[in-house]
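Have a look at the structure below, then the notes.
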Amino acid sequence: MRDKSLYVELYDYLEGFEQTEKIDTFEQIVKEWSEEQVEDFIMETFRRIPNDSFQKRSYYNFYANSTLAGAPFPCSAIECRMSNVADLLRFSALYADKMLLPSPIDKYVESIENGKRINRMDLAGDVIIILMLKPLVLSGIMGFFSAYLCLCSECLKKVTTRENELQEKLLKISELMHKEASESISCNLSRDSSGIAYLAVKGAEKLGFHEQIDILIYDENKKIKKLLKKMPEIKLTTKMMDDFGIIDYLFTPLINDVFRAQINTSFLDSSYITNRPYDAMMISELQSMGISEDAIEHAKLIEKGLFHKVPLIGEVQIEDIVNLRVKDGEAFDGYRSKMNSILNTYDKLDRKTLSDIQKDIILPELDTMEQVIYRNKKALIKSAAQDILLMSGGIGIGVFSGMLPIDYSAVVGIVGGLSAISSVAEKARKCFSNDEIKSNNFYFLYELQKEYKKR
């Protein structure tokens, strides 16, 4: 993991937003700032997001799709975006060595370069998302990967060759897109109660969308006006969806993500993580076209880990998970290794499977650790109490209350020697110790559960 100082400058710059309510962040960026302020803010933020990388080879290096990273696709509502990021944060804290995310600021820099207006609503959401990521970014578990790279001629040649190879194959994916659109996706054109034209799209759940999405059309072209003059609601054919650019709108972000993932995972030794079933379908198709063995290996992990969310007891704070990882790295490694061996035995990791893993494997292990501690504590207290009966009552109280002097030599003569006191003190210490369960592979989760119960 990189030193946390890599992103300190970024979070220092955004500090003013940390104590600001979400609604006020939107108010400021969307309504109060001038165009110049918006552009200056974008460039200053962009400058403070250095390109991160994986520092070591690891099975637990991941590259996330844009949706999990909080992009305004397939839903731009800040609640949906934050929910996706929350899933990724928990997964990363409990599983990843390093999670790289596509930089959320790149698209705004591209808009500025091309003279396009900035989507301020999306920008305000991205500020909130970047702040959500702060605990894991500063700890070095997460980092950003920008499309704006400085490469030597040799590396550029490798990347360009790889891009060209993929571009050709991704063109063939368009056949899959049209097949999916014709078989599963429906789209109706109508007007809302305010008279604004909109498209109601259904059947795009595989792409990560809600059951229905509504696309408002503020700038109607002649064709739309003509259609809505004929009747109040029109069911669009697949060809009409294609002509209106709806198929491109639905599929292009997925293709861009898969394209970037195939490039980045090839050269950065990582695996792509996604919450969109259609991504795996596209990569399976790319596999069948004959991509290199390395890329195929990365693609296999996608399909196995598609619905992968590590089960956790209680809603433990992300900061607590990170702190415990730092404090007890050995316990974390043992837990993650055990989880990986369990998850690898399943061909499909859907919600039911993960629920069964938690119910049938993890919860019994946590209960067992509780019982071990209870029995151990009970036996040690009984044994220590018997020893204390042979000693001075005052020293016994001192041991159990924590008031026994550091310098035992002053009371050795009274109680019969240092070894006797040491024996009782050790038994008393073990009554409140977890030594007996530290070898359990789920000890890391047990400690997290304790943190949750404190709250």
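Among what's in the stretch 109-128 and is open to solvent by 10 Å² or more (accessible area, probe 1.4 Å) and assigned to a helix (DSSP H, G or I), pick the residue that is farthest from GLU35 (Cα to Cα).
Among those that are open to solvent by 10 Å² or more (accessible area, probe 1.4 Å) and assigned to a helix (DSSP H, G or I), it is ILE128.
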Item to check | All positions within the stretch 234-249 that are of a type in the set (S, T, N, Q) and part of a helix (DSSP H, G or I) | outcome: THR238
Item to check | Selection count where residues are of a type in the set (A, V, I, L, M), in a loop (DSSP other than H, G, I, E, B) and under 26 Å from VAL326 (Cα atoms), scope the stretch 90-108 | outcome: 1
Checklist entry - If you take the residues of the stretch 236-260 that are among the aliphatic types (A, V, I, L, M) and farther than 19 Å from SER76 by Cα, which of them is most open to solvent (accessible area, probe 1.4 Å)? => result MET240
Checklist outcome for this item: Of the residues in the stretch 129-149, those that are open to solvent by 20 Å² or more (accessible area, probe 1.4 Å), hydrophobic (A, V, I, L, M, F, W, C) and either under 29 Å from ARG90 (Cβ atoms) or part of a helix (DSSP H, G or I) (or both) come to LEU131, MET132, LEU138, PHE145, ALA147
Next on the checklist: Scan the stretch 250-271 and tell me whether some residue there is aromatic (Phe, Trp, Tyr), under 30 Å from ARG191 (Cβ atoms) and either outside any strand (DSSP E or B) or modelled with pLDDT of 75 or more (or both).
Outcome noted: yes
Checklist entry - Do we find a residue being without any contact (Cβ under 8 Å) to a residue 60 or more places away in the chain, in a loop (DSSP other than H, G, I, E, B) and among the small types (Gly, Ala, Ser) anywhere in the stretch 39-55? => result no
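Which one of SER53, SER58, SER66 is touching an Asp or Glu at 6+ places or on another chain (Cβ under 6 Å) and modelled with pLDDT under 85? Don't jump to the end; show me each part of the working.
Working: SER53 fails: touching an Asp or Glu at 6+ places or on another chain (Cβ under 6 Å); SER66 fails: modelled with pLDDT under 85.
Result of the check over SER53, SER58, SER66: SER58.
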Checklist entry - Taking helices (runs of 4 or more DSSP H) that fall entirely within the stretch 306-393, which contain at least 3 residues that are at pLDDT below 80 and under 16 Å from PHE444 (Cβ atoms)? => result 329-343, 363-389
Item to check | Residues satisfying the stated conditions in the stretch 223-235, i.e. open to solvent by less than 40 Å² (accessible area, probe 1.4 Å) and in contact with an Asp or Glu (Cβ under 9 Å, 6 or more places away or on another chain) | outcome: LEU228
Next on the checklist: Among the residues of the stretch 175-216, what is the count of those that are free of Cβ contacts under 8 Å to residues at least 40 places away in the same chain, open to solvent by less than 40 Å² (accessible area, probe 1.4 Å) and out of contact with any Leu (no Cβ under 7 Å at 6 or more places or on another chain)?
Outcome noted: 3
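Inside the stretch 17-32, can you point out the residues that are in a loop (DSSP other than H, G, I, E, B) and of a type outside the set (Val, Ile, Thr)?
GLN19, GLU21
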Checklist entry - Could we say that ASN51 is within 20 Å of LEU138 (Cα to Cα), of a type in the set (S, T, N, Q) and either buried (at least 19 other Cβ atoms within 10 Å of the Cβ) or under 23 Å from the mean Cα position of the chain (by Cα) (or both) here? => result yes
Next on the checklist: So for the stretch 82-99 (the condition being farther than 14 Å from MET142 by Cβ and over 12 Å from the mean Cα position of the chain (by Cα)), does at least one residue qualify?
Outcome noted: no
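Has the stretch 186-205 got any residue that is within 22 Å of the chain's Cα centre (by Cα), assigned to a helix (DSSP H, G or I) and within 26 Å of VAL85 (Cβ to Cβ)?
From the stretch 186-205, those within 22 Å of the chain's Cα centre (by Cα) are 205; that's our starting set.
With assigned to a helix (DSSP H, G or I) added as a condition, the list becomes 205.
Checking the rest, the ones that are also within 26 Å of VAL85 (Cβ to Cβ) come to 205.
Yes, that holds for at least one residue.
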Checklist entry - Among (1) more than 26 Å from ALA71 (Cβ to Cβ); (2) touching a helix residue (DSSP H, G or I) at 6+ places or on another chain (Cβ under 6 Å); (3) at pLDDT 90 or above, which single condition is GLY203 missing? => result (1)
Checklist entry - So which residues in the stretch 64-88 are open to solvent by less than 10 Å² (accessible area, probe 1.4 Å) and out of contact with any Ser or Thr (no Cβ under 9 Å at 6 or more places or on another chain), if there are any at all? => result GLY70, VAL85, LEU88
Checklist entry - What single numbered condition from (1) at pLDDT below 95; (2) within 23 Å of VAL326 (Cα to Cα); (3) open to solvent by less than 40 Å² (accessible area, probe 1.4 Å); (4) not hydroxyl-bearing (Ser, Thr, Tyr) fails to hold for LEU10? => result (1)
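The values are calculated or read from the model by the stated rules, or taken from the named source; none is laboratory data. What you are looking at is a predicted structure, and each value in this text was computed from that prediction instead of being measured. Reconstructed Cβ throughout: ideal geometry from the backbone, glycine too, with neighbour counts over all protein chains shown. To get the accessible areas, we keep the full protein, side chains included, count just its heavy atoms, and leave off ligands, DNA and RNA. Shrake-Rupley method; radii C 1.70, N 1.55, O 1.52, S 1.80 Å.
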